[in-house]
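The values are calculated or read from the model by the stated rules, or taken from the named source; none is laboratory data. Not measured: the values here are computed from a predicted model. Quick reminder, even Gly has a Cβ in these numbers, built from the backbone with ideal geometry, and neighbours come from all protein chains shown.
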Amino acid sequence: MAWLRDHAAHDPWLADAADFSRVFVAGDSAGRGNITHHMAVRFGKSVLGPQIRLRGHVLLMPAMAGEARTRAELECLSDAFLTTEMSDKYTRLILPEGATKDYPVLNPAGPEAAGLEAVTMAPVLVVEWRRLELCVARKMNSVD
């Protein structure tokens, strides 16, 4: 975001080719997808410069999980591309020692995460290929 702010006004190609009043941030998978979520929370609808405005975020198959299993995780087929068992193994590899799957990086709506009540965020589109139900279940579980 700092690069965008620093180059938007000074790069002639960008100035001619881009509309900085309609910036969308996208990320895919466990790394960039989750980072994009945290950027959405951090920057919200903020104006990053005189002409730069975040209008939305796109999360392409982010890796989000939690200690409580969703129905999709409980009913995951053994021949699925990413089984629940495989997901658990990957999760253990990325979490800090002693952290649970409710760690905020992995479960941004979980009990250990900062509340989103005070955050003003631009719209977020979450795209999940075969595990859409998992995202819907996570969203439903995070709503009181």
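A few remarks follow.
- Residue count for the stretch 66-113, restricted to those that are of a type outside the set (Ser, Thr, Tyr), without any contact (Cβ under 8 Å) to a residue 60 or more places away in the chain and assigned to a loop (DSSP other than H, G, I, E, B): 23.
- Answer from ALA63, ALA40 - the residue that is on the phi < 0 side of the Ramachandran plot and in contact with a Ser or Thr (Cβ under 9 Å, 6 or more places away or on another chain): ALA63
- In the set ARG92, ARG55, ARG69, only one residue is surrounded by fewer than 13 Cβ atoms within 10 Å (Cβ to Cβ), among the charged types (D, E, K, R) and either out of contact with any Ser or Thr (no Cβ under 6 Å at 6 or more places or on another chain) or within 25 Å of HIS7 (Cβ to Cβ) (or both); that residue is ARG92.
- Of the criteria (1) in contact with a helix residue (DSSP H, G or I) (Cβ under 9 Å, 6 or more places away or on another chain); (2) modelled with pLDDT of 85 or more, which one THR100 fails: (1)
- Output for the stretch 1-33, where each listed residue is among the hydroxyl-bearing types (Ser, Thr, Tyr) and at negative phi: SER21
- Pairs with Cβ under 9 Å, 6+ apart, first in the stretch 11-40 and under 24 Å from ALA113 (Cα atoms), second of a type in the set (Gly, Ala, Ser) and assigned to a helix (DSSP H, G or I): VAL25/ALA40; ALA26/GLY33; GLY27/GLY33
- The set of residues in the stretch 53-65 being in contact (Cβ under 8 Å) with a residue 40 or more places away in the chain and outside any loop (DSSP other than H, G, I, E, B) consists of LEU54, ARG55, GLY56, HIS57, VAL58, LEU59, LEU60.
- The residue that is nearest to ALA68 (Cα to Cα), among those in the stretch 109-124 that are in contact with a Leu (Cβ under 8 Å, 6 or more places away or on another chain) and of a type outside the set (Val, Ile, Thr), is ALA109.
- Checked against (1) more than 22 Å from LEU116 (Cβ to Cβ); (2) in contact (Cβ under 8 Å) with a residue 40 or more places away in the chain, LEU48 meets all criteria but (1).
- Filtering the stretch 11-50 to residues that are farther than 30 Å from PRO104 by Cα, outside any helix (DSSP H, G or I) and at pLDDT below 80 leaves only PRO50.
- Residues (closer than 28 Å to LEU106 by Cα and not in a helix (DSSP H, G or I)) located in the stretch 1-10: MET1
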